[in-house]
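**Q** Here it is: the structure, laid out below.
The values are calculated or read from the model by the stated rules, or taken from the named source; none is laboratory data. The structure presented is a predicted model; accordingly, all values stated were derived computationally and were not measured. Reconstructed Cβ throughout: ideal geometry from the backbone, glycine too, with neighbour counts over all protein chains shown.
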Amino acid sequence: MLDQPQNSDSDQPEFIAQTYAEPGVAVIRGVNWGGFLALYWKEVRRFFKVQLQTVWAPSITTLLFLVIFTVALGRGDRTVLGVPFADFIAPGLICMGMIQNAFANSSFALLVGKIQGTIVDYLMPPLSVGELLAGLVAASITRAALVGFAVWLAMALWPGVNVSVNHWWAVIWFGFMGSAMLALLGVLTSIWAEKFDHAAAVTNFVVAPAALLSGTFYSIDRLAPAFQAASHANPFFYAISGFRYGFLGEADSPVIIGSLVLLGINVGLTALCYFLLKKGWKIKS
C-alpha cells in the first residue's frame, strides 16, 4: 500500500489553518471579553434564578431592621448628625445589605465548585486569572446593587423615612468600593474554604460583627475613645460612613480618607486573590 502524502499547513484550507496556533502562541490576544461576559452572565443568572432568596429576602430583612430600630430608639424626635434617627440609619442599612450580599455571592461560587467537583468549569475556559477574578467580583457587585436598589425603593415608600440623595458620586463610589471589598473577601474565602462550614464561620465571626459594629446604628462620636479607635480600624465603617454622606451630606469621618482607605484595601485584596488564583492554592490538585 502506498503511503499517502502528508498535507502541510500551506495545503490546508485557510479557515482550518487559522483555527490552530503553534504551541505556546496565544490565540486570544488582549482581553477575552467574550469569555469574561460569559462568566459574568453565568454568575448573574445563577443568583437571579433564586432571586426570592438572593435579592428580595435580604431586602425584607434589612427593612425589618429599620422598622425595629426606629420603633425602639427613634421616638421622641431623636436626631443623629442633625437628622432624624430613621434618616440616619437608612443609608447605613442599605450599604450593610449591599456588602453582606456581595460577600455571600462571591464566597459561594468557587466553594460550591470545589465541593461538587465542578471547579474545572472555572479553570478550563480560556480565561486569564484577571478575567476570572473580574467576572466573579463584577457579578457580586451586580447582586449588591440590586439588593441596594430594592432596599432603597422599599425605604422610599416607607412613611417617615427620607432617603433622597445629596451626593450621587459618594453613593456610587462608596457603594462600589464597599461591595468590591466584600466581593474580594468572598473570593478569598472561597479559595481558602473546603466546606460550607468554613464560609459560614467567616460570615458569622468576621463579616456580620464587622457590619453591625461599623456605625450603622449609631454615631461613633458618642463612643469612648477606645471604641472610636476600634471603629476606625474597621474598614466597614468607612464604606458605611461614606455611603451615608451621599444621602445626608454628613459623615463620621473625612470622606477623602475613607475613599483612600477603601481603595488601598481593595488593591491589596485584589493582589492577594490574583496571586492565590494564579498559584492555584487549594484549587488545583
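**Q** Can you report the number of residues in the stretch 160-172 which are in contact with a Phe, Trp or Tyr (Cβ under 9 Å, 6 or more places away or on another chain) and either among the hydroxyl-bearing types (S, T, Y) or in a helix (DSSP H, G or I) (or both)?
**A** 3
**Q** Going by the structure shown, is L223 surrounded by fewer than 17 Cβ atoms within 10 Å (Cβ to Cβ), aliphatic (A, V, I, L, M), at pLDDT below 95 and within 25 Å of V80 (Cα to Cα)?
**A** Criteria met by L223.
**Q** Return the residues of the stretch 194-208 that are free of Cβ contacts under 8 Å to residues at least 60 places away in the same chain and exposed (fewer than 12 other Cβ atoms within 10 Å of the Cβ); say none if nothing qualifies.
**A** D197, N204, F205
**Q** For the stretch 77-102, what are the residues that are of a type in the set (D, E) and surrounded by fewer than 20 Cβ atoms within 10 Å (Cβ to Cβ)?
**A** Hit for the stretch 77-102 is D77, nothing else.
**Q** For V187, are the conditions met, namely being out of contact with any Lys or Arg (no Cβ under 8 Å at 6 or more places or on another chain), over 17 Å from P58 (Cβ atoms), touching a residue at least 60 places away in the same chain (Cβ under 8 Å) and of a type outside the set (D, E, K, R)?
**A** yes
**Q** List the number of the failed condition for W168; all other conditions in (1) more than 20 Å from G246 (Cβ to Cβ); (2) surrounded by fewer than 20 Cβ atoms within 10 Å (Cβ to Cβ) hold.
**A** Tallying (1) more than 20 Å from G246 (Cβ to Cβ); (2) surrounded by fewer than 20 Cβ atoms within 10 Å (Cβ to Cβ), W168 fails exactly one: (1).
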